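Below: one structure, written as structure tokens.
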Amino acid sequence: MQQPQTVASIRDYFMERSDALVAELREFVERETPSRDAASIEDFIRDYSSRLEAAGLFCRQFPGAFGPQLLAELPGEEPPVVLVGHSDTVWPAGAVSERPLQVADGRLYGPGVYDMKAGLSIVLGVVRFLQENPVSRRRKLQVFIAADEESGGDTAHPCMDEVLAPGSTAFVVEPPCPDGSVKVQRKGVGIYELKITGREAHAGVEPERGISAVDELARLVLEIHGWNEPARGIQLNVGTVSGGTAGNVVAGSAVAGVDLRFDNPADGEELDQRLRALEPRNPGAAIEVSGGLCFPPLVPTAETMRLGERACQVAAELGLEISTGSSGGGSDGSYLSSKGLFVLDGMGVEGGGAHAVDEHILLESLPVRAALLAGMVLAVDGEDSPC
């Protein structure tokens, strides 16, 4: 059997199925999968697995505290080509009811549509393309869908270590750069929670007996934000704060969520240690730091750059002008690269508003990015492995 002669024929295949891609994507968005909502993610993965199995893949699920990880495979030679995505989104249950899917100006809006239900949609499109077309494949194809990427990959990463082999080529269907470019570089990420314990007292009668956890937290927020060094790629953000019980009570407890981003692994380790070494100004207060580094930086390698250049060539044949770029966001691609896989990230669908109320995709991008992903699977399948 012969592979399609041109990338244009792959593009035509997906353009003819554009309406079906959109309809299936709508189903995925409406089937909500809040991060760490194990039951919702399990329900979604059950349905997604059935669709992969209908396309001829063998599926296995790996149970986890935040929902199952999914591995699907088509047989072939080692090392595999792996399509990597995640089922969880940042949106709580009910978000779709509050902001139903809508189309405006060639964009499809909805919670989780961009990050990353559209990526999951094109993964299915690619495996169906391989099933329905007379293409010869040499290398094994794997699909890995993580359950908890948005919350740091605590359960997904050990499973990846078990089932994804170093030397595999991984295409991560996270959204591309704003201009459509694929991602060859990412910041490292740390996620932390600070819990401050003080002592409650009546704020009007005997405030001197109290130890304000809110006061301690306010000081810590300013201290942590003072560590930012944009020129070095170091970014810290205290994104959530809560504390106290009432305005007339000296706060006995307070909590903050801290996000850390960094370019250099050594900087990540240094800031991790500084966060863990935080001390209260009032010796009667206490600080507990939980969390830690969850995604290393994605550092460009020779193979990453080669994959990026090849993607630009395939994209050009599809009529896309893209390049290679970087992102401040973390992803499982960073983790896989650190484990010896050859990673090209940002292979998802164009759009914008990730994690924001205006999250959307460009509808015209859906079939074209599916074609790009399929073209890259076939391109690397026909090459000698860099191993």
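The values are calculated or read from the model by the stated rules, or taken from the named source; none is laboratory data. Computed from a predicted structure; not experimentally measured. No Cβ is skipped: glycine too gets one built from the backbone with ideal geometry, and neighbour counts run over all protein chains shown. When the accessible area is computed, the model is the full protein with side chains, heavy atoms only, and any ligands, DNA or RNA have been set aside. Shrake-Rupley method; radii C 1.70, N 1.55, O 1.52, S 1.80 Å.
Laid out as a table, the results:
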quantity: So LEU70, is it surrounded by 23 or more Cβ atoms within 10 Å (Cβ to Cβ), in contact with a Cys (Cβ under 7 Å, 6 or more places away or on another chain), touching a residue at least 60 places away in the same chain (Cβ under 8 Å) and not polar (S, T, N, Q); calculated: yes
quantity: Verdict on ALA286 being under 30 Å from GLU200 (Cα atoms), in contact (Cβ under 8 Å) with a residue 12 or more places away in the chain, in contact with a strand residue (DSSP E or B) (Cβ under 7 Å, 6 or more places away or on another chain) and of a type outside the set (Ser, Thr, Tyr); calculated: yes
quantity: Filtered residue count, segment 48-64, keeping only those that are assigned to a strand (DSSP E or B) and out of contact with any helix residue (DSSP H, G or I) (no Cβ under 6 Å at 6 or more places or on another chain); calculated: 3
quantity: Strands (runs of 3 or more DSSP E) wholly inside segment 322-387 containing at least 3 residues that are surrounded by fewer than 23 Cβ atoms within 10 Å (Cβ to Cβ) and on the phi < 0 side of the Ramachandran plot; calculated: 324-327
quantity: The one condition in (1) among the polar types (S, T, N, Q); (2) touching a Ser or Thr at 6+ places or on another chain (Cβ under 8 Å); (3) surrounded by fewer than 18 Cβ atoms within 10 Å (Cβ to Cβ) that ASN237 fails to fulfil; calculated: (2)
quantity: Residue match in segment 128-144 (condition: modelled with pLDDT of 95 or more and under 16 Å from GLU42 (Cα atoms)); calculated: yes
quantity: Hits in segment 185-205 (condition: of a type in the set (A, V, I, L, M, F, W, C), more than 23 Å from ASN237 (Cα to Cα) and open to solvent by less than 70 Å² (accessible area, probe 1.4 Å)); calculated: ALA201, ALA203
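Here's the yes/no breakdown for (1) modelled with pLDDT under 95; (2) under 27 Å from LYS140 (Cβ atoms); (3) of a type in the set (Gly, Ala, Ser):
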{"position": "GLU30", "(1), (2), (3)": "no, no, no"}
{"position": "PRO34", "(1), (2), (3)": "no, no, no"}
{"position": "ALA38", "(1), (2), (3)": "no, no, yes"}
{"position": "ARG46", "(1), (2), (3)": "no, yes, no"}
{"position": "LEU52", "(1), (2), (3)": "no, yes, no"}
{"position": "GLY56", "(1), (2), (3)": "no, yes, yes"}
{"position": "PRO80", "(1), (2), (3)": "no, yes, no"}
{"position": "LEU83", "(1), (2), (3)": "no, yes, no"}
{"position": "THR89", "(1), (2), (3)": "no, no, no"}
